[in-house]
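> Before I ask anything, let me first share the structure, which is written out below as structure tokens.
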Amino acid sequence: MLKCFAPLRVLALVAGLVPLPAFADMPLTYVSDGKALFHLSAPDFWQVRSGGLRALTPPGSEEARLINRVIGFEPEAEPGVWVGFMSPNGVSTFAQAEDYLRNIGKSVVSDPELREQSRIRVDGLPAARYAGTGRRNGRAVEFTAVLVDLPGKRVAISLAVVEAGARPELVEDINAIYASFRAAN
């Protein structure tokens, strides 16, 4: 089992590594340029929002960065937990995905400190996992980023952020989201 959030001690956070019961009940499909890239399911009592193309300026920078569609998940009753997925156009390798994550990550987590990184598999596909700590909105957080090498020269990028003190039961929901990840054919 992968350990991603130290205070919570157990978070598999990767489909295909640990069999998990199916908690996620609302199916979603990430579509780019009219083509389905991957499928996920959202747990009950979680809000799902999607955003289209937009430009964000990271803190301490004057350079805006183009952000592709993001599917974001948040539990209805706990605002300190967020999980997001995207697949940026033009990002087709892990190196490009790492650069993209490094750039957009500043808009999600400030003062990030990487604690763990590993090569894994998600839905049988090559993937990479990065876990660490940082701050979001002035509060201490733990984060896990996952990059999945999708078929067709695309990479799925995910980021999960959990504030210190979040209910441990939410980790099961986050695991269910990751366990539901399936590449589209």
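> Take the conditions open to solvent by less than 60 Å² (accessible area, probe 1.4 Å), in contact with a Ser or Thr (Cβ under 7 Å, 6 or more places away or on another chain) and in contact (Cβ under 8 Å) with a residue 24 or more places away in the chain and apply them to Ile71. Does it pass?
yes
> Here's another thing I want to ask about it. With the checklist (1) in a strand (DSSP E or B); (2) modelled with pLDDT under 95 in hand, flag the one item Ala77 doesn't pass.
(1)
> Is it fair to say Val146 is over 13 Å from the mean Cα position of the chain (by Cα) and open to solvent by less than 10 Å² (accessible area, probe 1.4 Å)?
No.
> Looking at segment 168-181, which of its residues are in contact with a Leu (Cβ under 9 Å, 6 or more places away or on another chain) and either hydrophobic (A, V, I, L, M, F, W, C) or open to solvent by 40 Å² or more (accessible area, probe 1.4 Å) (or both)?
Within segment 168-181, Pro168, Leu170, Val171, Glu172, Ile174, Ala176, Ile177, Ala179, Phe181 qualify.
> Hey, any hits in segment 158-168 for a residue that's assigned to a strand (DSSP E or B), of a type in the set (Asp, Glu) and in contact with a Gly (Cβ under 9 Å, 6 or more places away or on another chain)?
Yes, because at least one residue in segment 158-168 is assigned to a strand (DSSP E or B), of a type in the set (Asp, Glu) and in contact with a Gly (Cβ under 9 Å, 6 or more places away or on another chain).
> Now for a separate question. Which of (1) modelled with pLDDT of 70 or more; (2) in a loop (DSSP other than H, G, I, E, B) is the odd one out, the single condition Cys4 does not satisfy?
If we test Cys4 against (1) modelled with pLDDT of 70 or more; (2) in a loop (DSSP other than H, G, I, E, B), just (1) comes out false.
The values are calculated or read from the model by the stated rules, or taken from the named source; none is laboratory data. Since the structure is predicted, the reported quantities are computational estimates derived from the model, not experimental observations. Neighbour counts are summed over all protein chains in view; Cβ atoms, including those assigned to glycine, are modelled from backbone coordinates with ideal geometry. Protein only, heavy atoms only, side chains kept; ligands, DNA and RNA dropped before computing areas. Shrake-Rupley method; radii C 1.70, N 1.55, O 1.52, S 1.80 Å.
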